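**Q** Take a look at the following structure, please.
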Amino acid sequence: MLGLPALSKESRSRRRLALSAAAKVNLVLEILGKRADGYHELVTVMQAVDLSDRLILEEAADLELAVSAEGVPGDATNLALRAATALREASGTDRGVHITLDKRVPVAAGLGGGSSDAAAVLLGLNRLWGLRWPAARLAEVATTLGMDVPFFLRGGGALGTGRGEELKPVPAGAVALVLVTPPFGSSTAEAYGRVTPSMYTDGSRAQTMAGLLRTRQAARVAASLYNGLEAAVAPLHPEIARMKAALLAAGALGVAMSGSGPTVFGVARSFEHARQIRARLTRASWRCWAVRTLGGPAVRVRTIGSMDRMMGRGQAARRGTLDPVFGGSNPPAPTTIRRGRR
Ligand code: ATP
């Protein structure tokens, strides 16, 4: 033996899944009006991007979560744990899971990170618990967790209507984007609470974007970005206008806020161009990523095999160090900006 870690029989037999849960941006978000149920009627084009949280799901007797990230609850209110609880109740199973969550997607940033974690847990547990539920049945549970959760069950690009949860897939070509997140979050409830009828639009911008996405024409996508919530959120956070201006000055073809913010993103001509734009953003407090849109699933699931266990990757996951399980660096690490550099 070459010094491989000794594993107990129990540890060898316990099944583990490694998952990545991608963020999204809203290329268009239109508010059509207020509904009788208190929600706003939306038309939005959501698009998954390759900036992802990482999760390990491991068979356990109870429902448990290990997470350490600022602003993310470690208790039963965490969306990952809420998803496990909801699926356990809906399926009537008595099985449990230990979830290790490595947050990479900024929190309360308009990128849907918590919703993506919830979708990942639903998809992972469907496999780990051997439920074999079809996507439509999982989507019913997803909707009870949040209006963005059904989107992440599938990923790619989608036109969302209703409260954003009625989805029509949009075949999307790859587009390179630069995400910029300031060091504060934005409350979705507060953003919608500030919406006034002057911010209502007719949904035609989203329809146009859905058509454009197929074309992969970055310049046309850039020219058609729109977020009706920006008028509600931007006055609260002057940084949003500054981030948009900086992205445009750095060469972005077009810019918009994602979801209820405060993350803004810019469209680039290519991934190389996105990396150049990212390198030109010099504000020390911003976190910036060059990313690509994902045509495929937002959630990827992999069984951690015996090889991973022999290499000690299972234990690394248990300790919350998920890199050895996933290998490489997806998502791209944010740029670390040195103060004073131009
Ligand atoms: P949305 O627009 O859907 O609210 P968001 O990207 O703006 O999404 P999230 O990062 O999903 O925001 O988090 C929203 C809130 O949910 C946070 O303030 C956080 O306290 C709570 N939360 C619960 N579970 C999670 C999780 N797994 N990841 C991140 N935040 C979580």
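The values are calculated or read from the model by the stated rules, or taken from the named source; none is laboratory data. Predicted model only: the values in this text are computed from it and were never measured. Reconstructed Cβ throughout: ideal geometry from the backbone, glycine too, with neighbour counts over all protein chains shown. Ligands, DNA and RNA are stripped out before the accessible areas are found, and what is left, the full protein with its side chains, is counted by its heavy atoms. Shrake-Rupley method; radii C 1.70, N 1.55, O 1.52, S 1.80 Å.
**Q** Could you work out how far helix 135-145 tilts from the main Cα principal axis of the chain, as a 0 to 90 degree angle to the nearest 10?
**A** Long axis of 135-145 versus the principal axis of the chain: about 70 degrees.
**Q** For helix 271-280, what angle does its Cα long axis make with the longest principal axis of the chain, in degrees from 0 to 90 and rounded to 10?
**A** That works out to roughly 70 degrees.
**Q** Just grab the label-to-label distance for A90 and R35, each label 7 Å out from Cα along the Cβ direction, in nm (one decimal).
**A** So the label points at A90 and R35 sit 1.7 nm apart.
**Q** Another question, if that's okay. What residues qualify as long-range amide H neighbours of G155, i.e. H under 5 Å apart, gap of 5 or more or another chain, H built at 1.01 Å from N?
**A** Result for G155 returns A298.
**Q** Can you check what the net charge comes to around G96, using other residues whose Cβ is under 10 Å from the Cβ of G96 (Lys, Arg +1; Asp, Glu -1)? Spell out each step's value before the answer.
**A** On the way: positive: R88, R95; negative: E58, E59, D62, E64, D94.
Here the charged neighbours net out to -3.
**Q** Could you calculate the contour length gain from R14 to Q217, that is, 0.36 nm times the residue separation minus the distance between their Cα atoms, to one decimal place in nm?
**A** Values: separation 203, 0.36 × 203 = 73.08 nm, distance 4.70 nm.
Extending this stretch completely gives an extra 68.4 nm.
**Q** Need one value: the accessible area of E59 in square angstrom, 1.4 angstrom probe, rounded to the nearest 10.
**A** 50 Å²
**Q** Between E190 and A245, what is the FRET efficiency for a Förster distance of 22 Å, r being their Cβ-Cβ separation, to the nearest 0.05?
**A** Numbers: r = 24 Å, r/R0 = 1.08.
Working from the Cβ atoms, E equals 0.40.
**Q** For labels at S270 and A69 in the simple 7 Å Cα→Cβ model, what's the distance in nm?
**A** Inter-label distance under the simple model: 3.2 nm.
**Q** If you average 1/r across every pair of different Cα atoms in the chain and take the reciprocal, what Kirkwood value do you get, in Å? Don't jump to the answer; show the numbers that get you there.
**A** Values: mean 1/r = 0.0486 Å⁻¹.
By the Kirkwood definition, the hydrodynamic radius is 20.6 Å.
**Q** Continuing with this model, one more query. Can you tell me the 0 to 90 degree angle between the C-alpha axis of helix 204-213 and the longest principal axis of the chain, rounded to 10?
**A** 60 degrees
**Q** With a 1.4 Å probe and all protein chains in place, put Y39, Y192 in order of accessible area, largest first.
**A** Values: Y39 105, Y192 55 Å².
Greatest to least solvent exposure: Y39, Y192.
**Q** Let me ask something else about it. Net charge near L63: determine it from the other residues with C-beta under 13 Å of the C-beta of L63, scoring Lys and Arg +1 and Asp and Glu -1.
**A** On the way: positive: R82, R88, R95; negative: E58, E59, D62, E64, D75, E89, D94.
Counting the neighbours of L63, the net charge comes to -4.
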